[in-house]
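Step one of this worksheet: look at the structure below.
The values are calculated or read from the model by the stated rules, or taken from the named source; none is laboratory data. In this text, all values refer to a predicted model and were calculated from it rather than measured experimentally. Cβ placement follows ideal geometry from the backbone for every residue including glycine, while neighbour counts extend to all protein chains displayed.
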């Protein structure tokens, strides 16, 4: 995978989306039965989003979306969350209608999310959880509670002003944004779930009680 080319393409797509963004409308979701550790996260996000929007996005990326410290939350559309892990060079995704609704209620807007890489929330993550690995366990708490669903692998295609997400087997177009088509596209498979090898995620289901 040519990550440099992927980042350049996402940069161009990000600029295009910023110039052609539209206002997001949504229905307010019910926030009852939210686990206490997640309520704590949402309070931090509520505060951060007023101070530094992209720092709030970075905090969400590493805690709720479950991205590693070196990973990037790439795209959020509808109830799809797509991210890339630099450790493995793989793209992953999950769907969560509930998390989408809650983030919208807090003032977050779907779209390309890669700008969060330049607004680190490390200080808040270390203060609250001691490490990125511990922070990531909140994502797995939500997974245990059934907040996430997964489907077929997806295909991501992008160039400077083109971004397409479609089902790998069904061919159904899920997201498309383009100013012009291009033959020279970066392509990658987006895997459902957090790991290609599911055994790798077991350790994240253990949560030190003193931190949560």
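Assorted remarks:
- Scope segment 67-89; condition within 24 Å of residue 134 (Cβ to Cβ) and part of a strand (DSSP E or B); matching residues: 72, 73, 74, 76, 81, 82, 83, 84, 85
- Filter pass, residue 102 being surrounded by 24 or more Cβ atoms within 10 Å (Cβ to Cβ), at pLDDT 95 or above and more than 17 Å from residue 175 (Cβ to Cβ): no
- The listed residues are 155, 174, 141, 164, and the only one of them that is more than 17 Å from residue 92 (Cβ to Cβ) and either free of Cβ contacts under 8 Å to residues at least 12 places away in the same chain or part of a strand (DSSP E or B) (or both) turns out to be 164.
- The residues of segment 137-161 that are over 30 Å from residue 35 (Cα atoms) and in contact with a helix residue (DSSP H, G or I) (Cβ under 7 Å, 6 or more places away or on another chain), listed by number, are 158, 159, 160, 161.
- Hits in segment 58-71 (condition: farther than 21 Å from residue 145 by Cβ and crowded, with 24+ Cβ neighbours inside 10 Å): 58
- Criterion applied to 116, 92, 124, 62 was being part of a helix (DSSP H, G or I) and touching a strand residue (DSSP E or B) at 6+ places or on another chain (Cβ under 7 Å), and the one residue passing it is 116.
- Qualifying residue in segment 79-90 (condition: in contact with a helix residue (DSSP H, G or I) (Cβ under 9 Å, 6 or more places away or on another chain) and at pLDDT below 95): yes
- Residues (under 11 Å from residue 62 (Cβ atoms) and either crowded, with 20+ Cβ neighbours inside 10 Å or touching a residue at least 60 places away in the same chain (Cβ under 8 Å) (or both)) located in segment 105-127: 116, 120, 121, 124, 125
- Of the residues making up segment 62-86, those that are farther than 15 Å from residue 143 by Cα and in contact (Cβ under 8 Å) with a residue 40 or more places away in the chain are 68, 69, 72, 73, 74, 75, 77, 78, 82, 84, 86.
- Taken as a whole, the structure places residue 193 among residues that are at positive phi and either modelled with pLDDT under 95 or in contact with a strand residue (DSSP E or B) (Cβ under 8 Å, 6 or more places away or on another chain) (or both).
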